[in-house]
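For reference, the structure is listed below as structure tokens.
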Amino acid sequence: MYAMFHPESVFNLSAGIFANSGTPWTELTGTDLYGDGLFNTRPDGVGRNTENYPNYVDMDVRWGHDFAFTANKDEEAPRLGFSAGAFDLLNHPNATGIDPIETSSSFGQVTSVAPPRRIQLGMRLEF
């Protein structure tokens, strides 16, 4: 879901909320049982995509406004724009990697996550 509020006012705010259930992953033995050079053998009785990553949730917000230099507020008038944006405002740890090897001591645990909260500031001159 993405929304904009008051696009022509000083309070030009937009927000996006992204949420979904975790993507599937497959449990592996970590061995090359078939001698094909691929270490992606599943344990007996385990199908593909039988496990799921944790749920994903992200909220981004952005504020921006353009200030005209002159009383003329046409599209061609010179403007100075400012913006501030925050990505992953909730700072939720969204998993990007899980250890799928059943014999590993960290089996099924998150091994990497998406970047944490980021805030950016911007300024733009149009003339």
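The values are calculated or read from the model by the stated rules, or taken from the named source; none is laboratory data. The shown structure was predicted, so the numbers you read here are calculated from the model rather than taken from an experiment. Here the Cβ positions follow ideal geometry from the backbone for every residue, glycine too, while neighbour counts run over all protein chains shown. To get the accessible areas, we keep the full protein, side chains included, count just its heavy atoms, and leave off ligands, DNA and RNA. Shrake-Rupley method; radii C 1.70, N 1.55, O 1.52, S 1.80 Å.
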Looking for something surrounded by 15 or more Cβ atoms within 10 Å (Cβ to Cβ), at negative phi and free of Cβ contacts under 8 Å to residues at least 40 places away in the same chain - is there at least one such residue anywhere in region 95-108? yes
Only one residue in 37, 47, 30 is over 25 Å from the mean Cα position of the chain (by Cα), open to solvent by 40 Å² or more (accessible area, probe 1.4 Å) and under 30 Å from residue 103 (Cβ atoms). Which one? 37
Only residues that are closer than 26 Å to residue 51 by Cβ, in a loop (DSSP other than H, G, I, E, B) and of a type outside the set (S, T, N, Q): list them for region 10-34, please. 22, 27, 30, 32, 33, 34
Mind listing whichever residues of region 111-127 are part of a strand (DSSP E or B) and surrounded by fewer than 12 Cβ atoms within 10 Å (Cβ to Cβ)? 112, 119, 120, 121, 122, 123, 124, 125
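State whether one or more residues within region 70-84 are under 30 Å from residue 98 (Cβ atoms) and modelled with pLDDT of 95 or more.
no
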Hits in region 7-24 - residues which are open to solvent by 30 Å² or more (accessible area, probe 1.4 Å) and within 19 Å of residue 95 (Cα to Cα): 17, 18, 19, 20, 21, 23, 24
